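Report on the following structure.
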Amino acid sequence: MELPVVVSSLELYISEINRFPILREDEEFQLAVRFRKHNDMEAAEKLVVSNLRFVVKIAHKYRSYGIALTDLIQEGNIGLLHAVKKFDPYKGHKLLSYAVWWIKAYIRNFIIRSWSLVKIGTTQTQRKLFFKLNEERKRLETISQKLPEFREIAESLGVREDEVEEMGLRLSQRDLSLDASLDGEDDSRTMIGYLPYQGEDQEMMLIKKEQGDLVKRDIAVVLAKLNERESYIIRHRVMADNPETLQEIGNHYNITRERARQLEKQALKKLRLALPHLGGEPELLEA
């Protein structure tokens, strides 16, 4: 009994698009004119489908970047659609000659976006190096029969040496999930389990928490002994996450900004005297 031949969705797609005939130059011109003048969507569709096979051909050139070919083709197809929309048949160029730029642009933008969670290729030089660095390194290595230095690559591409070194480092490393297994799917060990903890130990965290609670309790006792305006200033200007300005306090009590400043200074003085253990750390009160 013969086993059925399994055809992938990509193979099926390529088989389907190869059925569309390549347009003659005069046919392409007429269709492009119909779409440009009359917004004829049927003409636009014929222009697109007749060039889908070329998108696949271009996408194949970018497979070395580790992106699924189907995703590259999809992005290239979007570039083709954009090219058909912008194409001017009266300039004497074939659609494909114009569309190549858009197809490559969409594919390259997708690769850069997919390469890393950290933004890459944000400048023209970085984008140039992203796609040219490895190619130029191989070319120079073939010529000199030795691995070229960053300086040689920089001179050849017309960029700075430090830019070549930085991009070389980025291209040599890909994002790695901290939950990924170290030695395959059956290994329960993950990268996150081997990262050193950079924070404070539990004992120090507990000490700081107890100190903070003690300070808050002592300040609450002192606030109860201050007059109403002094207590308000401490709570709304010194201890608040979004402290009020002296002008706002002045407006609240219908006094001048300078008078509000004097009251603040008076309140802080009383607070320090009542909490001598904070006397050497005024930042705890005035931050």
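Where a number appears in this text, it was derived from the coordinates with a stated rule and is not lab data. All values derive from a computational prediction rather than experimental measurement. Neighbour counts run over all protein chains shown; Cβ positions are idealised from the backbone, glycine included.
Brief remarks follow.
- Compared with the alpha-carbon gap, the fully stretched path from Leu69 to Asn242 is longer by 57.0 nm at 0.36 nm per residue.
- When only the Cβ of Lys, Arg, Asp and Glu is charged (+1, +1, -1, -1), the dipole of segment 207-286 relative to its Cα centre reaches about 220 debye.
- Convex hull per residue volume in Å³, alpha carbons only, for segment 207-286: 85
- With 0.36 nm allotted per residue and the present C-alpha distance subtracted, the Ile255-Asp88 stretch has 52.9 nm of extension available.
- In this structure, the amide hydrogen of Glu244, modeled 1.01 Å from its nitrogen in the peptide plane, lies closer than 5 angstrom to those of Arg237, counting only residues at least 5 positions away or on a different chain.
- Leu96/Glu165 FRET efficiency (R0 25 Å; Cβ-Cβ; nearest 0.05): 0.10
- Counting every other Cβ atom within 10 Å of each residue's Cβ, Asp162, Asp71 order from fewest to most as Asp162, Asp71.
- Using a Förster distance of 51 Å, the FRET efficiency for Arg127-Leu273 (Cβ separation, nearest 0.05): 0.20
- Table column - 3J(HN,Hα) (Hz), segment 48-58, Karplus curve with 6.51, -1.76, 1.60, x for Gly and Pro: 6, 5, 6, 10, 4, 5, 6, 5, 4, 4, 5
- Exposure proxy shown here: for Thr142, Thr256, the number of other Cβ atoms within 10 Å sets the order, fewest to most, as Thr142, Thr256.
- The modelled label-to-label distance for the pair Asp40/Ser114, using points 7 Å beyond Cα in the direction of Cβ, is 3.6 nm.
- Taking other C-beta atoms within 10 Å as the exposure proxy, Trp101, Trp115 rank Trp101, Trp115 from fewest upward.
- Backbone HN-Hα couplings from phi across segment 72-82 [Karplus 6.51/-1.76/1.60, Hz, Gly and Pro as x]: 5, 5, 4, 5, x, 5, 5, x, 5, 4, 5
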